[in-house]
Structures are given as C-alpha cells and as structure tokens.
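The values are calculated or read from the model by the stated rules, or taken from the named source; none is laboratory data. From a predicted model like this one, the values you see are computed outputs, not experimental measurements. We place every Cβ from the backbone using ideal geometry, glycine too, and count neighbours over all the protein chains shown.
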Amino acid sequence: MSFDPLAELPVHGPAWERAREAGTDTALLEAHLQMTPADRIRALGQANRLEWDIQSRTLPAELREELFVRRARAKAALLGG
C-alpha cells in the first residue's frame, strides 16, 4: 500500500483537481483557507516585515525606497486611487 499525500487533502471541485494534477502545491492555499481574514492579514504583515528585513540587509536604501513607492502606487491603482 503506497502513501498518497493528495488523498488527505479535501476536494474543491474539478478546477482545483486539475491544478493539483498539473503539479500545483495546494497545501499553502489549504492552510490559508482555514485561517480567518484577520489571521491572513497578520500573516501577510509578518511576511511583509520579513521581506523588508531581508531587503534592508541586501539592497541599497535607494532601491528599497524605489520598490516601496512602486508597490504603493500599484496598490493605489488597484484600489482606484
């Protein structure tokens, strides 16, 4: 009897199954679906802080600021601003 890690995951419909069959790792999506919106926002904040910490150690300040401004503008555009 062989172990099938996908057999443990819930089924969310044919598109989800096609994504799995194509090799998409749905484990992180599954974990996030179990979180509350507030928990997802906290996790995103932690990821953003980690990214900023890594960038502060590896990128020049001017480049960090440019990336920050680009991302802020992209977010504003998505929000209609």
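The set of residues in region 24-68 that are at pLDDT 90 or above, loosely packed, with under 10 Cβ neighbours inside 10 Å and either over 30 Å from Val11 (Cα atoms) or of a type in the set (A, V, I, L, M, F, W, C) (or both) comprises Ala38, Arg57, Thr58, Pro60, Ala61, Glu62. Here the condition is being free of Cβ contacts under 8 Å to residues at least 40 places away in the same chain, closer than 26 Å to Glu17 by Cα and outside the structural domain of Gly13 (by TED's automatic domain parsing); of Arg71, Arg40, it holds for Arg40 alone.
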